[in-house]
Amino acid sequence: MEKNELYPVFLKVAVLEVLIVGGGNVGLEKLTFLLKSSPGARVTIVSKGFIDEVRDLAKNHKVTLVEKAYDKSYLSGKQIVIATTDDLDVNIQVYNDCKKENILVNLADNPTYCDFYMGGIVTKGNVKIAVSTNGKSPTAAKRLRQFFEEVLPENMNELVENLNSYRKTIKGDFEQKVTKLNELTKEMIHIKKSE
């Protein structure tokens, strides 16, 4: 069986510089996904043109629109790049330019040219769960996201805040604190096995 060897991380995109190349429907999808999870993300979008929905979304966030063709000079100072144009040659050029500059890059719908994937994300206050199918099935990731959105209680954030407050009162070394928190939360998740 093939194994997903991706290493999940949660990036603070409000302190990083993100570039999206392409201002069409796919660019809108990636921008929407990014801003849903991280409304404070700092994003620049370079494109020869923008659909109205991209322009509207940009107005309410830290998004800069640059109405020009892609040039590698736009990579300056960027840490993450997402290529979403409908021109595969341009997207591959973005990928090659990013690799030369050691910038993480994602070519939308082209796993071969991705350093990372944008999986399904569920957020309940401070709790965030990311789902990845290793780029194999965005639809499966979407369905899993929907499942977790339904099963995680709305008061999940309150529980996490309460655990954080309790954690600050626990005496002892790290191992003792972990043991106490494990005892307190062991009944938190009940998984029913199918018969």
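Across the range 173-195, what is the total count of residues that are outside any helix (DSSP H, G or I) and modelled with pLDDT of 85 or more?
Here is the first cut: in the range 173-195, the ones outside any helix (DSSP H, G or I) are 173, 186-195.
This time we only want the ones that are modelled with pLDDT of 85 or more, so: 173.
The number of residues fulfilling the criteria is 1.
The residues listed here are Thr44, Thr32; of these, the one that is part of a helix (DSSP H, G or I) and either more than 15 Å from the chain's Cα centre (by Cα) or within 21 Å of Thr123 (Cα to Cα) (or both) is Thr32.
Looking only at the range 118-136, residues that are surrounded by 17 or more Cβ atoms within 10 Å (Cβ to Cβ) and more than 30 Å from Asn164 (Cα to Cα) come to 2 in all.
The residues on offer are Leu107, Leu144, and the sole one that is in contact with a Gly (Cβ under 7 Å, 6 or more places away or on another chain) and either modelled with pLDDT of 90 or more or exposed (fewer than 14 other Cβ atoms within 10 Å of the Cβ) (or both) is Leu144. Can you tell me which condition Ala141 does not meet? The list is (1) small (Gly, Ala, Ser); (2) at negative phi; (3) touching a residue at least 24 places away in the same chain (Cβ under 8 Å), and all the others hold. Among (1) small (Gly, Ala, Ser); (2) at negative phi; (3) touching a residue at least 24 places away in the same chain (Cβ under 8 Å), Ala141 violates only (3).
Would you confirm whether or not the range 117-138 contains a residue that is assigned to a helix (DSSP H, G or I), closer than 24 Å to Ile45 by Cα and assigned by TED's automatic domain parsing to the domain that holds Ser73? So that I can check it myself, show each step before the final result.
From the range 117-138, those assigned to a helix (DSSP H, G or I) are 138; that's our starting set.
Right, trim to closer than 24 Å to Ile45 by Cα and you get 138.
After this cut, where a residue has to be assigned by TED's automatic domain parsing to the domain that holds Ser73 as well, the list is none.
No, the range 117-138 has no match at all.
Do you know which of the residues in the range 17-29 that are outside any loop (DSSP other than H, G, I, E, B) and within 16 Å of Tyr74 (Cβ to Cβ) is farthest from the chain's Cα centre (by Cα)? The qualifying residue farthest from the chain's Cα centre (by Cα) is Val21.
Could you check the range 70-115 and list, in sequence order, the residues that are assigned to a loop (DSSP other than H, G, I, E, B), touching a residue at least 24 places away in the same chain (Cβ under 8 Å) and under 18 Å from Leu11 (Cβ atoms)? Hits for the range 70-115 are Gly77, Lys78, Gln79, Ile103, Ala108.
The values are calculated or read from the model by the stated rules, or taken from the named source; none is laboratory data. Quick caveat: nothing in here was measured; it's all calculated off a predicted structure. Backbone-built Cβ (ideal geometry, glycine too); neighbour counts: all protein chains shown.
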